[in-house]
Ligand SMILES: [Zn+2]
């Protein structure tokens, strides 16, 4: 079988693996990796209220160090296929670009990881370490039967990883722009201010919750949470909605609700943030405002893989291949790296994210070859015999 990144990417793109469908994608990876000598497992995870999801874990070698490649084969729905320039699951190439749902997020990335690993193993069958693949089918969906459970499952088998590369599309504009060495956490909270409904002409018989809500939000927003760190922007609290659900102009509403979301850096944990939010609200409320605060549970903590030798391997490989020194960034939304970082340092580097989740998602064929070459250089550096 052809093990070029382009061939692997085309084969994966033709698998209609919209979450939670496997679509043939994991079977394809299983076949290729098994033929190359990997031990492959296909755990299926379940949870009441969610659909079962298939996952894949593969390992070549038994020695350390153990470098893990992680990613997902599931994709977001393509929307109306007729709005695509080429069918979203046909993997057509036009003007040097490969079209298809998942081209950059992230079947293209997986194809490059596989191509690099297979070539490295072919040329160094007895390299002194292990290479693994941790591939989930539940990243774009609820992310319940995916990476978190797969890591637990692997831990139960005694697997211990030393470092991980997650192949999400990290480059904003061109290959080589950006490596992600951490992510911000995410925390959502809801505030309800209680009042008493009444006629606007008789306000003394009612208690309008809106002024109280305004005071609470003002108290929340007045001071910045922090001023950022060497590697993180300042944490940000964004009020996402304020609702009273009142269609009438002559009624004082009974209650007001607001929701906010905080993207926070590694100066905070969800617990310390909740304490700070509670403090700000109770200060703003004084004795006059009756309100409740409810924070939603979150597994999106902030984390950082401090720039070290491993990050250096990747940055050097990127620079050698692209001529660009990648920015070490912690921007963007959450990713499965938040689960992996509990087990080993994780760095994210993949394709150019510009068209991800969009109609006509596509990747430059040239970028596939270059990303595979970057991963290949990382493998060379990572497993270079100590001299
Ligand atoms: Zn993704």
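Read the figures in this text as sums done on the coordinates, not as results from a lab. Keep in mind that what you see is a predicted model, and the values were worked out from it rather than measured. Every residue, glycine as well, gets a Cβ built from its backbone with ideal geometry; the counts of neighbours run over all protein chains shown.
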Between residue 197 and residue 95, the two model label points (7 Å from Cα along the beta-carbon direction) sit apart by a distance in nm of 5.8 nm
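Largest first and in whole Å, give the semi-axes of segment 185-296's equivalent ellipsoid, each being the square root of 5 times a Cα gyration tensor eigenvalue. Intermediate values should be presented prior to the final figure.
Details: eigenvalues 198, 33, 22 Å².
For segment 185-296, the semi-axes come out at 31, 13, 11 Å.
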Burial order of peptide ranges 168-181, 296-309, 110-123 (average beta-carbon count within 10 Å, highest first):
110-123, 168-181, 296-309
Once you put a point 7 Å from the Cα of residue 296 and another 7 Å from the Cα of residue 226, both along the Cβ direction, what distance in nm separates them?
2.3 nm
Of the listed peptides 134-140, 145-151, what is their order by residue-averaged count of other C-beta atoms within 10 Å, with the highest listed first?
134-140, 145-151
Check: C-alpha center segment 339-387 vs C-alpha center segment 244-308, spacing in Å is 36 Å
Sorted by packing (mean other beta-carbon atoms within 10 Å per residue), highest first, where do 62-75, 315-328 land?
62-75, 315-328
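So for segment 169-208, Kirkwood radius off the Cα pairs, Stokes-Einstein at 20 °C and 1.002 mPa s: how many µm² s⁻¹?
The estimated diffusion coefficient comes to 139 µm²/s.
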Students often get this wrong: which residues of segment 94-122 have the backbone nitrogen under 15 Å from the point 7 angstrom along Cα-to-C-beta of residue 1?
110-119
Please report, in whole Å³, the volume per residue of the convex hull around the C-alpha atoms of segment 178-242.
100 Å³
Förster radius 25 Å - calculated FRET efficiency between residue 357 and residue 188 (Cβ-Cβ, nearest 0.05)
0.75
Any chance you could check the Cα centroid distance between segment 1-46 and segment 158-188 for me, in angstrom?
21 Å
Quickly estimate the mean residue ellipticity at 222 nm for the chain, helices only: each DSSP H run with n ≥ 4 gives -39500 (n - 2.57), and the total goes over all residues, rounded to 500.
-9000 deg cm²/dmol
Nearest 0.05, what FRET efficiency do residue 83 and residue 51 give at R0 = 35 Å with Cβ-Cβ as r?
0.85
Compute the FRET efficiency between residue 324 and residue 41 as 1/(1 + (r/R0)^6), taking r as their Cβ-Cβ distance and R0 = 41 Å, and round to the nearest 0.05.
0.65
Looking at segment 78-233, what % of the alpha carbon pairs are farther apart than 23 Å?
66 percent
Could you check how many percent of all C-alpha pairs in segment 1-67 are farther apart than 14 Å?
65 percent
Contact order relative to length for the chain, counting C-alpha pairs under 8 Å separated by 6 or more residues, stands in percent at 24 percent
Place a point 7 Å from Cα of residue 342 in the direction of its Cβ. Which residues in segment 113-136 have their backbone N less than 19 Å from it?
134-136
For the chain, taking Cα atoms only, what is the radius of gyration to one decimal and the Dmax to the nearest whole Å?
24.3, 86
